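The block underneath contains the structure these notes are about, expressed in structure tokens.
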């Protein structure tokens, strides 16, 4: 354990889910042929001027709301000037003086204690182009140039790798549910930079700031912070002096490596962008933008808890946005949410994963699902039945009743009928009965199997197993 | 007061502007840039103004456009003006330390 | 050679309508005039084949507007699709635009015929057009004098009667000042009046495209064609359509005119001040009131211009890096050599100097010390002008402090080019419309111009006064060297 107190600030860039780019009407898309989603504005051609995509402003307003930020009603853009091949105009249009959002927070729960991670500011800017490095050349694809981003900057108020990870998880979940971004770290639509510095005592001023850039996953965020704390602690212990620097996380060695020392502060020569007039956000614009925010995860957790869903199921459902949305369509019904979530997370999820489908793309209508849940709960359908009929349920237009009858499902739930079968099985399998009595639990499974076999799979497993136990106890 | 900027000062602004200064031009820039910078420093003497800034003499709000694609530029047209490309990629000398 | 292009635009239009002449006659005549005046170096690129082809196509169309089939010259910082656009810079000397500037689309809708791209100061930075990579144009009134700049080629083209129309751009006087030196009418419209889409940016908050013409009426006609809100330019204003010729010919008595004391101070030559005073006398005799007033911070406008224009330019010209278009250093060994080499080779001295100074101005704490302060004072200048317009219809003064000086004058002072524009720069700072109208000649027969400044979006009133003065003076504005009878 380190003897130093870490102070961590996080900057997150997220690409916004729009049809077109922020300053041009080129398509905002991923995975297309190089330089096919590009026009003269994206390439910074002479004579071009930026235009503003209304949807970007709307989404940014939504982001302010869900991250509890105050919204700046009069704002403009600024130019950040720096030469880099991925920066087509050699300036980036961003918001330095008047970020759209400020003074927000994200609430996390660290080992049972609530903590607010404070957001300093949130601003709108344009993405750079994508570079691929070869041996002697770097190849530029400007499809990403001009994709709308919001950058969310926390105050230096994070004190551990764990808090950092919880913050990003919570932020990601929130942005995803509010339809702000698809937050795919692996595709770069959510990118994370961490600033880590150490100090001995709370009263000391902050230590040397080290920035770790472009970390590709949440677990690597945690890892790079831990590695930085360890690395810097050793340096301080040895009394070594080090400079402010930028590092990156190398996932092949699971450690941070030096990119560059910051000799002087970056000189970005910011000034207000003269090509874009002021934007005044009216109450009407703000209200319109906030109209369609879906129910956010924390709210869903509360709802599911009231519906007596297990915590495990709640988290699993929330981790899968479409399942959660599907389940939310059932909020006005009185189905058993635990049974419903079991069904969704079990066989239905396997089917969806296997077929690479979304639940809304199946034939499982609301009515059918309600029926399925209630028949499962009342044991008209066994788990085996469900496995058997699932494809028909999800792929055909037939009702559950029609599917049951065409699959010839009639479970033996009648005690007397079952008792007859069990008696027969016990007589025919005396050795196994003796094994059971002598403490071999496996024998019970075998006997159960025989019961199911004799009933041609129609015995209700739960009822049958209870009856079998009663019989064996009497022996 | 010196009549010229130091070489280091010239090289610093040349670095910001990404312009190479040839040895035989150095003296010229030392003197010329000094003259211009001395001139603009006179703004420090101006007083009595209001703090409100004017970014551009334009008082309308920015018009926001709909999120719809209309433009259609073909890669082939773009590549016509590109000095170096490899396939549809635009090429530069390798950039390390990204 | 026929001399149809000496006729007024109304007459030419009539002849086209009556099929006395065809557009091709005008185009051929324009190119003959270009050849005749080749030594003036007004053009960088000619558009002959395309112009002839366009003219022939027009033969099948109805003459539907007054600009139909008329040749026009375009400053070479306005993008023309498939027609080389260089900004008079080595940086772009092979640059073929993939789109038309909005103003070009508008001219094409009117079926005007672009004959070529005119010479200018490199990236519009200069007051003489001498910073052109292609050599300076010459003043048609005196071959050894400057044309002024940066829209020197456009002013020369109209002054020498090569074409009746040209477009220029004005960041700190670049239409009005060469118009004054060359004796033509040049208008810088209100900031936001004309779309800047496709105008290669020098200083975005100051740049504006405008017409250069032989007379006031034709200036208003061309302005009619190029204005309007453009969805490709957020700084183009949403204004009702209007006819800028509508006040031409109106009585000017009762007009309230102001003249800032600074504009008549000893920074202006005696000869020019004398000429302005004679105009003031005419105006008074015509029933106008003319008052001397003060505009706040007017004497600081050049200083603000240096800070704002160079600051913005350093950013606007950062895109020329040899990667996506434009001049590129051969076989660069690394990215820095590509940047430094391309820009060192591609840009001329004036441009390099301005973007270095601009970078300095925005660097670190300087942004606050210089740039923010300049933006604040700029706000006060605009306010002060707008205050004056509550009381006055127009503000007048000389356009330039001297007449065109020698092409061979080499001033070692790098600030000289700014001082040539001391009287026109304040108008760009305030975003107001301003026009140069020729009002006579100096002893050595060089044009003298008067500057008329209007209120925000009130170009029509400027044209009203200008046309009155034009009519009253009835000057012969055709340079002798070009005075060849039909």
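Only the coordinates and a few stated rules stand behind these numbers; no lab work does. The shown structure was predicted, so the numbers you read here are calculated from the model rather than taken from an experiment. Don't worry about glycine lacking a Cβ; one is built from the backbone with ideal geometry, like all the others, and counts go over all protein chains shown.
Take the Kirkwood radius over Cα pairs of chain A, plug it into Stokes-Einstein at 20 °C and 1.002 mPa s, and you get 80 µm²/s for translational diffusion. Residue by residue along C:365-377, Cβ atoms of other protein chains within 10 Å of the local Cβ number 5 on average.
Over all orientations, the protein assembly as shown has a Cα convex hull whose mean projected area works out to 55.4 square nanometres.
Between residue B:51 and residue A:305, the distance separating the two model label sites (each 7 Å from Cα on the Cα→Cβ line) works out to 4.7 nm. Counting only DSSP beta bridges with both residues in chain A, the antiparallel share comes to about 90 percent. Return the whole-Å distance between the Cα centroid of region A:85-156 and the Cα centroid of region A:302-378. Each part's Cα centre sits 35 Å from the other's.
Bridges between two residues of chain C, per DSSP, are antiparallel at a rate of about 65%. Model label points for residue B:69 and residue A:261, set 7 angstrom from Cα along the Cα-to-Cβ axis, are 4.7 nm apart. Mean sequence separation of contacting Cα pairs (under 8 Å, at least six apart), scaled by the length of region C:192-239, corresponds to a relative contact order of 50 percent. The label point for residue A:332 and the one for residue A:105, both projected 7 Å from the Cα toward the Cβ, are 3.6 nm apart.
Under conditions of 20 °C and 1.002 mPa s, region C:421-479 yields 171 µm² s⁻¹ as its translational diffusion coefficient, taking Rh as the Kirkwood radius over Cα pairs in the Stokes-Einstein equation. The residue C:109 and residue C:409 beta-carbon pair, evaluated with R₀ = 56 Å, returns a calculated FRET efficiency of approximately 0.85. On the beta carbon distance between residue A:424 and residue A:379, with R0 = 25 Å, the FRET formula returns roughly 0.60.
Each stretch of four or more DSSP H residues adds -39500 (n - 2.57); spread over every residue of the protein assembly as shown, this sum gives -11000 deg cm²/dmol at 222 nm.
How high is the FRET efficiency between residue A:291 and residue A:186 when r is their beta carbon distance and R₀ equals 45 Å, given to the nearest 0.05?
According to the calculation, E is roughly 0.90.
In the protein assembly as shown, what percentage of the DSSP-assigned beta bridges are antiparallel, given to the nearest 5? That works out to approximately 80 percent antiparallel.
Going from the fewest other Cβ atoms within 10 Å to the most, the residues C:292, C:320, A:102 appear in the order C:292, A:102, C:320.
Using a Gaussian network model of chain B in which every pair of alpha carbons under 10 angstrom is joined by a spring, one finds that among B:21, B:36, B:74 the greatest mean-square fluctuation is at B:74.
Separation of region A:417-475 and region A:23-48, taken as the distance between their Cα centroids, equals 70 angstrom.
For region C:25-64 versus region A:206-276, the inter-centroid distance based on Cα atoms is 62 Å. Footprinting exposure proxy ranking of A:183, A:194, fewest other C-beta atoms within 10 angstrom first, gives A:183, A:194.
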